[in-house]
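The values are calculated or read from the model by the stated rules, or taken from the named source; none is laboratory data. Remember, predicted model here, so these are calculated numbers, not experimental data. Cβ: placed from backbone, ideal geometry, glycine included. Neighbour counts: every protein chain shown.
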Amino acid sequence: MISCLNVSVQYGQTKVVKDLSFDVKQGELFGIIGPNGSGKTTLLKAIGGSLSLENGKIVIDGNDLSSFQSKELARKLAVLPQQSETAFSYSVWDVVALGRYPYQKGWLQGLTAEDKAVITQALKQTDTFQFRKKPLQQLSGGERQRVLLARALAQEPDLLLLDEPTNHLDISHQMSLLNSLKQWSREKKLTVIAVLHDLNMASLYCDRVLLMDEGRMVSLGTPINVMEEKQLEDVYEAALQRKEHPAVPSPLITFIPEQVVAAANIKGLTIEHSSEWIKIECQNKWKTLSSAVIGAGFRWHHQFVNRHVDKNYVSENVEVEFSQFLQKRGVSSSDSLGMMTAAYLEDACFYNSEPESPSLLVVITAGASNAVDASQSFKRADWVQTIGTINIWVFIDGKLPESAYVEAIMTVTEAKTKALNDEQIIDPETGTIATGTSTDSVLIAASQTGACYDYAGTITPLGKEIAKLVYDGTREALRNNKKRRGIT
């Protein structure tokens, strides 16, 4: 579709774009990213024919860009710049109608039925049809941006050039625009080249991205390959982290602000322990990974609730009921992590690490009435959820990468399973040693301040301490449960 061959653009004595070469395929959504001053907009203007090249050439469908007449080029490509002002108070319809100029053969030719149909379609595609009779100047910045996009679409181009197209749009219209561009690129083979500041939007929607810095190409390829953490940090000169998007296979880039974070530690945790709940609170939020009823997955919390419920507890919507329970007690459900258990909270165990060890607090509640041997669970015909969980909370003073959270959960599970074995907890369905209960839950919470722990496996310093406290605490909690049930 389009090829840039050793393209250089110069302003005065300053070379802004330096010897860039790349191809863009038909139907591709191609993103250009990079910090301010990296030459993105200049490159886009050169591709659109509004800037002369110092060196190299740009080829569209096998023809040199410089060989196109203005109307011919306008039928081939359309441009949506960052800012576009109209000298007169045109109506929205008239502004979009300007996109049909490349198809008119004379100054006095009016709009044909085909022109009007194309204009109407462009207005509807950009959700601006309802504004068609309004003066453009009466619209908001985001609404104007959509009208100008409609004008570009009315040109029916093969190539659409966009310079920060989502700049003035709210989130809903950003998503709508990019969803439409993606759809048009696939269904209509529209080629889109877009300068984007939002790295995550580029990651989600672009087939390939060109990363620029100081006028040069740093990297070119799929977002997965280009958006490497170290490479982005070097180019943007900012601290950031690359994660994976939770719903689609795309990188998710998070910038990390400089801030003074008050140290959070075990001593800063306040514990409220009653027959109704165990509530732990800290002034600062801790990063958590859990299988909780409320606040599960990777989250940040400063309130933690383990709630006692009757063994016959039933609710059509557990999360809603739990949220209402918390709100009645002045606890924000959106800012809390919540678990529940039928085990008596009076039997809970609280274990602290030794002073010379990694600083930990482990809290365990245990009920074993629905114990299960995981290796034999496939023999059970029906799945019936009951209350009787072993809930294990591990609070860690320190910084953990997300991989260490997963290792910590593995360590907790292994230590818990060994405790059930040594306490001879039996799966009543199979008569074999249980490995847990059917509704066990785990929380790993780290202060993300202080010492760094890159690993939490069973033979690491942190893992050893987790395993010891979880093993001892689980055995004690199970013994307390046995006593309450009259089992010797």
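Structure notes:
- Of T166, T120, all but one fail to be polar (S, T, N, Q), on the phi < 0 side of the Ramachandran plot, assigned to a loop (DSSP other than H, G, I, E, B) and assigned by TED's automatic domain parsing to the domain that holds G31; the exception is T166.
- Scanning the range 63-112 for residues that are modelled with pLDDT of 90 or more, of a type in the set (A, V, I, L, M) and over 18 Å from I193 (Cβ atoms) turns up V92, V95, V96, A97.
- Screening the candidates T449, T458, T437, T417 for the property of being at pLDDT 95 or above, in contact with a strand residue (DSSP E or B) (Cβ under 8 Å, 6 or more places away or on another chain) and of a type in the set (S, T, Y) yields one hit, T417.
- The set of residues in the range 412-443 that are among the acidic types (D, E) and assigned to a loop (DSSP other than H, G, I, E, B) comprises E423, D427, E429, D440.
- Matching entry among R146, R132, R151 (being in contact (Cβ under 8 Å) with a residue 12 or more places away in the chain, surrounded by fewer than 20 Cβ atoms within 10 Å (Cβ to Cβ) and not polar (S, T, N, Q)): R132
- Selection of the range 180-210 for residues being without any contact (Cβ under 8 Å) to a residue 60 or more places away in the chain and part of a helix (DSSP H, G or I) yields S180, Q183, W184, E187, N200, M201, S203, L204.
- Strands (runs of 3 or more DSSP E) within the range 314-387 that include 1 or more residues of a type in the set (G, A, S) and surrounded by 12 or more Cβ atoms within 10 Å (Cβ to Cβ): 336-341, 360-366
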